[in-house]
Amino acid sequence: MKTLLIGEYREGKLLDTTYELLGFAQALGAEAALFLVGSSSQLPACSNKLYLADAAACGEYNPDLHRELILKVVEQENPDSIVFVHSSYGWDLAPRIAARLKAAQISEIVALKDGAYEVGCCNAKMRRTVTAKTAKSVLTIQSGAFPVLIPGGTPTVESIAAATSSNLEFKGYEPAEAKDVDLAKAEIIVTAGRGIGKKDNVPTILALAKALGGELGASRPVVDAGWVEHSHQVGTTGQTVSPKLYIACGVSGAIQHLAGMKKSDFIVAINKDKDAPIGEIADLLIVADVMQFVPAMTAKVAA
Ligand SMILES: Cc1cc2nc3c(=O)[nH]c(=O)nc-3n(C[C@H](O)[C@H](O)[C@H](O)COP(=O)(O)OP(=O)(O)OC[C@H]3O[C@@H](n4cnc5c(N)ncnc54)[C@H](O)[C@@H]3O)c2cc1C
């Protein structure tokens, strides 16, 4: 099996998610070539073949030109699958490629199962197993779902350029609205998950965060319920954080949450379920009722 991995480059830098694509290809047992609109000064550390287009010439993002370039490489490489990260770049570009190739698209893959792909459904509470009926397929993988693979080495670069022009011009990025908290800079984060039970319990979690000199984080259901502002959300649709200490209070450990915090130096999980998935990545799992444990811990820290 042969894959074409579509790497990502933003604001002059190769994105680390490019290495998750390599991890996915390895999990698939597939031979992999890479495509990147980037710069020769930012090559991925691997010895695969790399089709490189210059971001300065065709824009860090331009759907017309990037589509044309990828289709050109597909013609040359004839891969069985074309794989993107499920990012704003991938989810915009992948369907354009799939439509042109008349290929099936499978979006936001979280795992592989017996030659098929697993994708989340029912707000990620369940998984669907799917395969493509077309010879070629276009895939997007969920960020954080597959291991990072940095093989090392230098790619064999083939430079490519777009032959056509586009009516679109890449202008740059608009900074996101200023947030009341910058979790990315926090050294300690104490996160409230759905297991805290109700909005009235948020101050108890916040008190521990403050006693430790840290910030309050939240899982998505806590934000969706309006208990905590979105600026505190950790995960794929929130912030990516890497504090020295991350305390997850009543958080189950869904992939989308883990993707945002698994690079934390030390992870403590407080959960009443000893088999909660967060236990798999936690350095310390405290099996307890969070609303009993947290006030006791805050009192100890403050003493
Ligand atoms: C496209 C998409 C994007 C998403 N983005 C994000 C994201 O950015 N961030 C995010 O967090 N989620 C995200 N999600 C949602 C994600 O799939 C999970 O649903 C969510 O992370 C679960 O949050 P939770 O762990 O707080 O709640 P639950 O999964 O309900 O877990 C609650 C946990 O609390 C424990 N618990 C219950 N009561 C107690 C108690 N008294 N004491 C101790 N423990 C207790 C339970 O055992 C359980 O493990 C996304 C989903 C989708 C589909």
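Computed from the coordinates by the stated procedures, all read-outs in this text should not be read as laboratory data. Because the structure is predicted, anything quoted here is derived from the model rather than measured. Here the Cβ positions follow ideal geometry from the backbone for every residue, glycine too, while neighbour counts run over all protein chains shown.
Observations
- Loop chymotrypsin sites (Phe, Trp or Tyr not before Pro), region 116-199 (other Cβ atoms within 10 Å of the site Cβ: 10 or fewer; DSSP): Y173
- What the Kirkwood sum gives for the chain is a hydrodynamic radius of 20.8 Å, with every pair of different alpha carbons counted.
- Treating r as the C-beta distance of D200 and R100 and R0 as 45 Å, the FRET efficiency rounds to 0.30.
- Segment D224..I281, full-extension length gain: 18.1 nm, with 0.36 nm per residue of separation and the alpha-carbon distance subtracted.
- Net charge over other residues, Cβ less than 14 angstrom from the Cβ of A192 (K, R count +1; D, E count -1): +1
- Unsatisfied cross-links (Cα-Cα over 25 Å) in the set K179/K274; K125/K274; K185/K210; K13/K262: K179/K274
- The loop-placed chymotrypsin sites (Phe, Trp or Tyr not before Pro) in region 228-303, going by DSSP, include none that has at most 11 neighbouring Cβ atoms within 10 Å of its Cβ.
- Sum of side-chain charges, L149 neighbourhood, beta-carbon under 15 Å (Lys, Arg +1; Asp, Glu -1): -3
- A convex hull fitted around the alpha carbon atoms of region 183-302 yields 83 Å³ per residue.
- Summing charges over all other residues whose Cβ lies under 13 Å from the Cβ of L212, with Lys and Arg as +1 and Asp and Glu as -1, gives +1.
- Here's the list of lysines a cross-link from K102 could span, going by alpha-carbon distance under 28 Å and ignoring same-chain residues fewer than 8 apart: K2, K49, K72, K113, K133, K136.
- Cleavage-rule hits, trypsin sites (Lys or Arg not before Pro), region 162-238, DSSP coil, Cβ neighbours within 10 Å at most 16: K171, K179, K198
- At R0 = 22 Å, FRET efficiency that the Cβ-Cβ distance of F170 and E75 yields, to 0.05: 0.35
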